[in-house]
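Notes for the one structure printed next.
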Amino acid sequence: MQQSLEQIISTAYSLGLIPKGVESHIKSNLNSKFKLRPYQVEAFERFNYYNTQYPNSVKPTQLLFHMATGSGKTLVMAGLILDLYEKGYRNFIFFVHSKSIIEKTRDNFLNSLSSKYLFNDTVSFSDRRVKIKEVENFEALNDEDINIVFTTIQGLHRQLNTPRENSLTYEDFEDKKIVLLSDEAHHINAETKKRKHTKDEVEAIISWEGTVNRIFNANPDNYLLEFTATVDLNHPDISTKYQEKLLFDYPLKQFRIDKYSKEVQVLQTDLQPFERALQSVLLSQYRQKVFENNQLHIKPVIMFKSKTIKESQEFYNAFVSGINSLTVNQLEKIKTDTSNPIMSKVFNYLEQHNITLENLVLELKNDFSKDKCIAVDSKHDSEEKQLVINSLEDENNEYRAVFAVDKLNEGWDVLNLFDIVRLYDTQSTGGANKGKVGKTTMSEAQLIGRGARYYPFKVSDDQPLYKRKYDDDIENDLRIGEELYYHSAHNPRYISELNKALQQIGIKAPKTVQKRLVLKDSFKDTDFYKSGKVYVNKRIAHDRKDIHALEQSIRTKIYKKKFVTGKSAVSILIDGMEPKQLSNDTRIYNLKDFSKPIIRKALHKLPFYRFSNLQRYFPHLNSMSEFINDDKFLNTIKIEFIGNAEQVQNPTNEMKLEATVTALDEISKLIPQGYTKYRGTQVFYPESVAKKFGAENGVKVLNFSIDQNNDNGGKGIGQSETVNQDLHIDLSKEDWYVFNDNYGTSEEKYLVKFIKGAYQSLKEKYKVYLLRNEKHITIYTFDEGLAFQPDFILFLIEKETKNSLLYQVFIEPKGDDRLSNKDSQIKEKFLMQISSEYKLDILFKNQEYKLVGMPLYNEANTKTKFNKAFNELSNSDISSKFRPLDNE
């Protein structure tokens, strides 16, 4: 079977054939508060590869980005607009199925005051400041602007086939390069999905899809870039259509596995609608209290979903009335009757924090009063109500409850929705009875998927902002901030069908397991646990006081400027003969030989070279004169002129200025690449082993998602439980392993097996303790201050010595698929740096610590390298090789 474009590109990506990194004209012009995620970076890398190196690219170019709900498709779209502007494109049409998405996207692209504005405050290319403008058509426009038409697919079809004054016409596309941007692109496939076509349908071009295709095919340089989270790639006609067009596939399942979504919990209760709603209110209030207790200002929102507008309005009135007359007895009944662990946790939390039910009733009456509830029906909502609904995350928006029928559809991307309450109790017809998911249930699953967008938060610097943090600590109170609860009536058949639908769309794993990681009592009885230390470093702001010059690679690079020569040549093409190439002259000039007014004018054209901005990168820089005249900066820069003899030998001042701007623009993109905001200290500080590893009495509850056709690398299966006899070890009987079991990946199990094999020789000389690091400690890379939590820490305490000599060894196993990626290479570099560059903050009497980082461990690929380093470590004469440490 022929490989698809996505499969070919994925293979090239895995083999390292695709150039890594995002073009600086994209990164510098996107809003810096939206840090690009790895999968977004990969989307840009794939697009660049397709345009510049892929041998079978097709023109005009149609590409599909299949990306999960909430994954930031619009940010990728904004980046591609910038990239295509750099390639000479000026005119863009954004079209979508829904007007609400247009309003949201218009705000994201045009309103610089919006909290979700995607571009930098200043968008610039070389010396040009570029405006992003909404236009009605592409006539009489400024050719330096980014011009965007926003329209629905129906409106686009109507404008072009029944043209009016100032509207788009087909003539607009005859002599212009156009980029079509289709959001929720599955809607333009209405014609493709038809099973049968009449003769008239086949020939007709006046249709939604036909209209789009007519624009697209008007110019061979056009682009049609489609974005969707829900394209039906299993439909044979759709699959065939996108065989050569699907560029990037990042489905909801992978989005969840990568921890960018909330985890979905389905809570079914045999309660009447108001009591079910009240249960969700209690859970929401508990969630808010947990946030507040951790100094997080996050307001949780509940959506109450009805079948009809009439039923929604009726329940809205019943809810407002019910909250207004709420009594302690009602809460007491829920407390007494509940058998659900999460609701028990709610009431336990209230008791632990001395919150009485009397006070809670007063809180709920205030927080869920009528003025903090809003009913929407989509069809007749005012523009003001739409703005309120789309700004539920804003601090001045006090709404806690939304009453709706179909509100959470495409385009509503609220992040602080944590509860959805299904107020009706019906099931799809023809669904579960036939073993298939019914249409209604699937739409509800898709609603849940849209609601599972993660609300970004963190409580310490070493935590990722946009990813789940408590999969490995599910008893942590903050775990409730990473979960979306779907409240349903008790209906096992419906719940079974819903779970099947959630698994199909990828937002829920087929199986989840919880495992208790328990620190052994025998280890807690040791002197090392009670008084031992584990050394960690800190992350600090990088003040760049050690930076005194441009990097040498920037100063020694020769920058090129090619001028239009006006030359031409006529060639007769004969099989096997290369066409005649135009020849050019070249000459290299020193920038310092140009007049200072030319250099200063070039610097003035580029906003990057404002003195205040340069001082961010070079804090010792005293003046612009120093920047221009000093060999540490621009004085050694060289520019190669390429053109005809006259241009190269006798360039005009205007040409020198143009060449200088080109070189300086390239330099402005190179400087930030070496810029880091943080660094990790070389000094390591002692922390108590008991404090770091013995919290919660040494018990952590770990959560593992087990997906079909994926054994999760052995993750979630204890080393004493695995059926793989090559890895099976009963760790409960191994004194050197301090936890009850190892639930890590197969590669991590191989590492434990390696240590077991080494233990017999190690124990003659050392007390040996291998600690699994489940987010117990974090260290930071020296170069960039990146957080790193090594999977294992091995302590070797030498026996029978005058001074207690102790090795603290950082170990990180890596699977085959991750061994060579950038993140792993950064970690291995840091591990190697630790051994030679660390310093200890405090030294203890009669104790000497030595910190060591080991090469990455991989059973098939790096075991020999690791084994050599380990033997050098364990067999070394510590007393003779021990390096005295500075006490800083």
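The values are calculated or read from the model by the stated rules, or taken from the named source; none is laboratory data. Treat the numbers as computed from the prediction; the structure is a model and nothing was measured. So basically every Cβ, Gly included, is an ideal-geometry build from the backbone, and we count neighbours across all protein chains shown. Just so you know, the surface numbers come from the protein's heavy atoms only, side chains and all, with ligands and any DNA or RNA stripped out. Shrake-Rupley method; radii C 1.70, N 1.55, O 1.52, S 1.80 Å.
Odds and ends about this structure:
- In summary, strands (runs of 3 or more DSSP E) completely within the stretch 450-567 and bearing 3 or more residues that are on the phi < 0 side of the Ramachandran plot and under 33 Å from the mean Cα position of the chain (by Cα) occur at 483-489, 511-518, 533-536, 539-541.
- Taken together, the residues in the stretch 731-751 that are touching an Asp or Glu at 6+ places or on another chain (Cβ under 9 Å) and among the hydrophobic types (A, V, I, L, M, F, W, C) amount to 3.
- Hits in the stretch 541-556 (condition: at pLDDT below 90 and open to solvent by less than 90 Å² (accessible area, probe 1.4 Å)): Ala541, His542, Asp543, Arg544, Ile547, Ser553
- Meets criteria (hydrophobic (A, V, I, L, M, F, W, C), farther than 27 Å from Ile826 by Cβ and either open to solvent by less than 60 Å² (accessible area, probe 1.4 Å) or not in a loop (DSSP other than H, G, I, E, B) (or both)) for Ile729: yes
- Residues (without any contact (Cβ under 8 Å) to a residue 12 or more places away in the chain and of a type in the set (Gly, Ala, Ser)) located in the stretch 584-622: Ser612
- Scan of the stretch 55-96 for residues that are within 26 Å of the chain's Cα centre (by Cα) and assigned to a loop (DSSP other than H, G, I, E, B), ordered by number: Ala68, Thr69, Gly70, Ser71, Gly72
- Residue ID - farthest from Phe109 (Cα to Cα), chosen from residues in the stretch 137-174 that are out of contact with any strand residue (DSSP E or B) (no Cβ under 8 Å at 6 or more places or on another chain) and among the aliphatic types (A, V, I, L, M): Leu160
- Residue in the stretch 154-177 that is of a type in the set (Ser, Thr, Tyr), at pLDDT 85 or above and open to solvent by less than 50 Å² (accessible area, probe 1.4 Å) present: no
- Of all the criteria given as (1) open to solvent by 30 Å² or more (accessible area, probe 1.4 Å); (2) at pLDDT below 90, the one not satisfied by Val376 is (1).
- Residue check, Phe138 part of a loop (DSSP other than H, G, I, E, B), in contact with a helix residue (DSSP H, G or I) (Cβ under 6 Å, 6 or more places away or on another chain) and closer than 27 Å to Pro220 by Cα: yes
- Out of Thr240, Thr228, sole residue that is polar (S, T, N, Q) and open to solvent by less than 40 Å² (accessible area, probe 1.4 Å): Thr228
- Members of the stretch 62-76 found to be open to solvent by 10 Å² or more (accessible area, probe 1.4 Å) and not charged (D, E, K, R), listed by number: Gln62, His66, Thr69, Gly70, Gly72, Thr74, Leu75
- Within the stretch 476-497, residues that are farther than 17 Å from Ser284 by Cα reach partners that are part of a strand (DSSP E or B) and β-branched (Val, Ile, Thr) with beta carbons closer than 8 Å, at six or more positions or on different chains, in the pairs Ala489/Thr269; His490/Thr269; Ile495/Val266.
- For the stretch 8-21, a tally of residues being surrounded by fewer than 14 Cβ atoms within 10 Å (Cβ to Cβ) and outside any loop (DSSP other than H, G, I, E, B) returns 2.
- A Cβ distance below 7 Å, combined with a sequence gap of six or more or placement on separate chains, defines the contacts here; from the stretch 681-703, residues that are on the phi < 0 side of the Ramachandran plot and part of a strand (DSSP E or B) reach residues that are open to solvent by less than 50 Å² (accessible area, probe 1.4 Å) and of a type in the set (Val, Ile, Thr) in the pairs Phe684/Val536; Tyr685/Val536; Glu687/Val534; Glu687/Val536; Val699/Val518; Val701/Ile474; Asn703/Ile474.
- Every residue from the stretch 28-51 that is over 22 Å from Leu819 (Cα atoms), without any contact (Cβ under 8 Å) to a residue 24 or more places away in the chain and assigned to a helix (DSSP H, G or I): none
- Residue list for the stretch 471-517, restricted to those being open to solvent by 20 Å² or more (accessible area, probe 1.4 Å) and basic (Lys, Arg): Arg493, Lys500, Lys508, Lys511, Lys515, Arg516
- Evaluation of Gly713 against (1) modelled with pLDDT under 95; (2) not in a helix (DSSP H, G or I) (one fails), failing number: (2)
- Number of the exception - Val290 against (1) under 35 Å from the mean Cα position of the chain (by Cα); (2) within 24 Å of Arg422 (Cβ to Cβ): (2)
- As for the stretch 87-99, it holds no residue that is over 25 Å from Leu168 (Cβ atoms), aromatic (Phe, Trp, Tyr) and surrounded by fewer than 22 Cβ atoms within 10 Å (Cβ to Cβ).
- Residue check for Glu721: under 25 Å from the mean Cα position of the chain (by Cα) and acidic (Asp, Glu): no
- Scanning the stretch 103-136 for residues that are under 30 Å from Ala659 (Cα atoms), open to solvent by 60 Å² or more (accessible area, probe 1.4 Å) and in contact with a strand residue (DSSP E or B) (Cβ under 8 Å, 6 or more places away or on another chain) yields Lys131, Lys133.
- Hits in the stretch 661-677 - residues which are more than 28 Å from Asp546 (Cα to Cα) and either in contact with a Pro (Cβ under 7 Å, 6 or more places away or on another chain) or open to solvent by less than 30 Å² (accessible area, probe 1.4 Å) (or both): Val661
- Residues located in the stretch 685-702, provided they are within 15 Å of Ile793 (Cα to Cα) and of a type outside the set (Gly, Ala, Ser): Pro686, Glu687, Val689, Lys692, Phe693
- Residue check, Ile572 at pLDDT 90 or above and either under 14 Å from Leu664 (Cα atoms) or open to solvent by 70 Å² or more (accessible area, probe 1.4 Å) (or both): no
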